[in-house]
Structure formats: C-alpha cells, structure tokens
Amino acid sequence: MIVDKDFTISDIDERIYGSFIEHLGRAVYGGLYEPDHPQADESGFRKDVMELVENLQVPIVRYPGGNMVSAYNWEDGVGPKSERPRRLELAWSTIETNQVGTNEFAEWAKKVNSEVMMAVNLGTRGIDAARNLLEYCNHPGGTFYSDLRKKHGYDQPHNIKTWCLGNEMDGPWQLGGKTAEEYGRLAYETAKAMKIVDPSIELVSCGSSHAKMPTFPQWEATTLEHTYEFADYISLHQYYGNHDNDTANYLAKSLDMDNFIQSVISTCDYIKAKTRSKKTINLSFDEWNVWFHSTDADKKLEPWQVAPPQLEDVYNFEDALLVGNMLHSMIKHSDRVKIACMAQLVNVIAPIMTENGGKVWKQTIYYPYYYTSVYGRGKALKPIIHSPKYDSAEFTDVPYLDSSIVYNEAKEELVVFATNRHLENTLLVECDIRSFEEFELLEHVVLENDDPKAVNTRDQENVKPHHNGESYTDNGILQGVLPRMSWNMIRLRKKKTQ
Ligand code: AHR
C-alpha cells in the first residue's frame, strides 16, 4: 500500500457515523425507553443504553422511521402522555402507544450528544403535516405550533437541521407509495414550503429503497429533476445478508455498495448537467447494515403487540467484518457521502441489544462501528493498494485487502483501517508512509475469530477486539500483520519532541 498526505479524498463529514431509531420492535420501548427499568433516568430513558450510544459518538440519529413514518401522525406523540392515542401501526402490524414522540426523542438525542435527523410523512400525509411539524420543532415562538411546543413543556426550539422527505417512497410495501412523478411533485412542493418555514434546514430527497429495485436509477433521475432546486442530499438504503452461506462472497458485498454509491453519484451529476445547476447533490446513505438473520422469526410473530421482538438479528463475526468493509466504503466516498446511518441502533438490527428489565450488551458489529466512528475523524486519504485478488460467486477481482485511511491533522494521527478477506491466509501489509515523517505506532487493534459464525450473547462476549496486533514502523514503512479473516485498526502518531 502507498499512503500519502497529498492523496486526499475529502474532509470526512462526521455524520457518516450516524445511526437510526425507528418506532419498530423494541428499538424505542425496551431499548431507549423503559421507565420501570432499574437504570431508567427521570425521563424513563435507560442510562445503560445511553452510555453505550455515547461511547459510539453517534453524531446524528434518523427518526422516527423508516416504513413507520409513512403512516405516522406526529401530533399523536406530543402533549400529555396520558392523552396520547394507542394506534394500529400499519408498517409493522404492532400497537404504537405514543409514549415517546418528537420532544422525548429530541431530549434523548441531546443527552447522548447527538443531533436528530427528522423524517416527515409523505405517504399518507404531505405538505401540511410536514410544515406544521417543522414549525413545531424549529420556530422560536409566537405562532400556533411553536406555542403548542412551549405549552408541551419545551420552551426552546429543537433546531433540527436535517430533514428527510419521506421514506422509501418507491417501495410497493410503503404506505402511500408513489410513482417517481407523483413523489417528485409532492417532495418538491413540500420542500418549498419547508424551506420557507426555515431556510436554514437541509433536505434529503428520497432515493430508491435499494440498488436492486427495478426502477433504480430512473427513480433517482426522475425525482431529482423535480427536487433538485431544494434538495441537498439524496438517500440510499442497502442491507446485505449471507443467504447462501458463502463467506468469501459475503465479505465482497461491500464492492456492491461501492458500485451503488458510484451509480447514484453519476445519476445526480447527470441531473445537475441536465438542469444546468451549479449545485452538487450529496449522498445520505441513511440506512445500511446486515439484515437477514431475523427474517424467519419475524414471520411467526403475532400481529398487534406492543413492542414485540422484531428484526432482532443476532450478528456473528463475519457480519462484523462486512460492516467494517461497508465503513471503508463510506470513508472512500466521503467526498460525496456526507451522511450515513447504520440501521438501526438498539435491538432492531442493531449494534446494541437489551433485555427488558435486564442487561445491555454489544453485538459483534458494535466494534468496527465504534473504532471507525471514534478514530475515523479527519481527512480521508486514498490508499494505492496492490493486493492479491480472488473471484467469488457474484464478484470478480475482489482484493483480499480492503482498507480506508484517515489522517487527523489536529491530533497528528494516521489511522489505517484494514480488512483481510482471506479465509485461510495471513496478509503481510507493507505500507509506504514516507510522507508521514516521524510517525510511530500507537496501537494495532484486531478483531479476529476462528469461527465466522461466533456471536455475542447477554452473558458471553465471544467476539471482541484485542490490542496485540503485530505492526511496526521502520524508515517510512509500516509493516502490518493482518490475521486471516480479520478487521484491523492501526493507529500511528507523530513522535512528540521533548
Ligand atoms: O430498517 C428497517 C426498515 O428497512 C425501514 O423501516 C425501511 O425504511 C427499510 O426497508
């Protein structure tokens, strides 16, 4: 590998380490909020969960959905809790008690040092509900909705900066799903009204639900032609699974993510040219993760329960490796991907799991997310990688070495994130870092396991990193030993002169 200070991709927008909380399963009730839990604070939020979220340094959390937002009445979730309606939640066939809503979530986000990224309902509702919610959240006072917020006990506006214009509106499963033309028109008119209410907000236009949608990427092209003037970002969503139990192929799926991102960038830039715009639309990868382990269990759940255990994927070691690779992909595209949300944060396809009334623990995927979020801040550098390659069921020329590089100028730290996809062999990485004079090794963290299917449970953490990675620097060369099937973080810092 060659890593040079001058091979800059971009300053990384820290919001690429965002996450997502939907009113779905036990994400909110039993996850964030459990007033009867011994660890609950005065507002009913679990302090043990907040601590793990804070450790992850999650800069932004998308809310309240997801599919759920497309039939959500935000008014149900504000005001006195005793008067809030219990509703049939149609996206996931549950009962929503509305004991947590906009204000409580904004309060929770503040407690974990995060920002809210709010989605509006463009499924069953539209311009009116969206502009009223924005007035309720961001207008200082003296109007109907801002005064209603004050009456509800929140004197200061929440000042929510980033707003999603609906969710997965191309999906046939979406309540109030739309054609590209229908969505484009509605999103444009909603965006126009919202930017009048608060011109300082940023808007995310809805992209395809995933790269395999039959309408991708025409959906992006058609909808952006409508929304280009007001949108700042377009959304991408993608989940992967090891459906065929083929680890080599599974670990290569981040190549599909690279390709997806590249295709969306091309489509945005085509519409930029077509509309003669000077503005560049950036990408909000606001749902990404592994999701497939829980699919069968979910089919067996009885409908109309309050907070049932939905989408509770138990992640294994190989899932953590793929998550690490997906994070490389975000960093490598940080010139255009400015927001990304791991979906989701607690219990529902999540790095953090809880037991109602009991413990909290870290899933395997917590670790690559944690290290990349905490140490992946600064400038993304483009590594030149010469790696042996392999072919898998879906991909050709898959490099065994996948890597992303972050240079934190303020801290004088160089961080090499690296995955060895080889199922049997160690990779010896020789990295030319001559432009980083006097940099010395701080730590080499390794996530490895002999069993790709190893999982963490409430009582046993089988997959966790160790700090005994073998690396050293000599004369402008970093030598690193990447064990077979491993995710690594090698952190270097400029020698302190006495
Ligand atoms: O994150 C789970 C679901 O996945 C979301 O509700 C939806 O937007 C996506 O299909």
Next on the checklist: Just the residues that are open to solvent by 10 Å² or more (accessible area, probe 1.4 Å), in contact with an Asp or Glu (Cβ under 9 Å, 6 or more places away or on another chain) and part of a strand (DSSP E or B), please, taken from the stretch 45-98.
Outcome noted: Arg87, Leu88, Glu89, Ile95, Glu96
Next on the checklist: Considering only the stretch 299-306, I want to know if a residue exists there that is open to solvent by less than 10 Å² (accessible area, probe 1.4 Å), touching a strand residue (DSSP E or B) at 6+ places or on another chain (Cβ under 6 Å) and outside any helix (DSSP H, G or I).
Outcome noted: no
Next on the checklist: Here is a check on your reading of the model: is Leu52 within 14 Å of the ligand (Cβ to nearest atom), touching a residue at least 24 places away in the same chain (Cβ under 8 Å) and under 27 Å from Ala340 (Cα atoms)?
Outcome noted: no
Item to check | Pair list, Cβ < 6 Å and 6+ apart or interchain, from the stretch 361-390 residues that are in contact (Cβ under 8 Å) with a residue 12 or more places away in the chain to residues that are acidic (Asp, Glu) and open to solvent by 20 Å² or more (accessible area, probe 1.4 Å) | outcome: Arg377/Glu14; Lys379/Asp11
Next on the checklist: Checking Met118 against (1) closer than 23 Å to Leu165 by Cα; (2) surrounded by fewer than 20 Cβ atoms within 10 Å (Cβ to Cβ); (3) touching a residue at least 12 places away in the same chain (Cβ under 8 Å): exactly one of these is not met. Which one?
Outcome noted: (2)
Checklist entry - Which condition breaks for Asn289 when tested against (1) within 15 Å of the chain's Cα centre (by Cα); (2) not in a strand (DSSP E or B)? => result (2)
Item to check | Filter result for Ser70 (within 16 Å of the ligand (Cβ to nearest atom) and either modelled with pLDDT under 95 or touching a Pro at 6+ places or on another chain (Cβ under 6 Å) (or both)) | outcome: no
Checklist outcome for this item: Exactly one of Asp296, Asp269 is in a helix (DSSP H, G or I) and either in contact (Cβ under 8 Å) with a residue 40 or more places away in the chain or more than 30 Å from Ala393 (Cα to Cα) (or both), and that one is Asp269
Checklist outcome for this item: The strands (runs of 3 or more DSSP E) lying entirely within the stretch 395-498 that contain at least 3 residues which are under 23 Å from Leu322 (Cα atoms) are 401-408, 413-420, 427-432, 439-448, 477-482, 486-494
Checklist entry - Can you tell me which residues in the stretch 186-239 are acidic (Asp, Glu) and either part of a strand (DSSP E or B) or within 16 Å of the ligand (Cβ to nearest atom) (or both)? => result Glu202
Item to check | Scope the stretch 135-186; condition open to solvent by less than 10 Å² (accessible area, probe 1.4 Å), of a type outside the set (Phe, Trp, Tyr) and farther than 22 Å from Glu287 by Cα; matching residues | outcome: Cys137, Ser146, Arg149
Item to check | For Phe436: the one exception among (1) of a type in the set (Phe, Trp, Tyr); (2) under 23 Å from the mean Cα position of the chain (by Cα); (3) farther than 25 Å from Asn316 by Cβ | outcome: (2)
Checklist outcome for this item: Reported set for the stretch 1-28 where residues are away from the ligand (no atom under 16 Å from the Cβ), out of contact with any Asp or Glu (no Cβ under 7 Å at 6 or more places or on another chain) and not in a loop (DSSP other than H, G, I, E, B) is Thr8, Asp11, Glu14, Arg15, Ile16, Tyr17
Checklist entry - What single numbered condition from (1) at negative phi; (2) open to solvent by 30 Å² or more (accessible area, probe 1.4 Å); (3) out of contact with any strand residue (DSSP E or B) (no Cβ under 6 Å at 6 or more places or on another chain) fails to hold for Leu441? => result (3)
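The values are calculated or read from the model by the stated rules, or taken from the named source; none is laboratory data. Please read all numbers here as calculations on a predicted model, not as lab measurements. Positions of Cβ are generated from backbone atoms using ideal geometry, with glycine treated the same way; all protein chains shown enter the neighbour counts. With ligands, DNA and RNA removed, areas are computed over all heavy atoms of the protein, side chains included. Shrake-Rupley method; radii C 1.70, N 1.55, O 1.52, S 1.80 Å.
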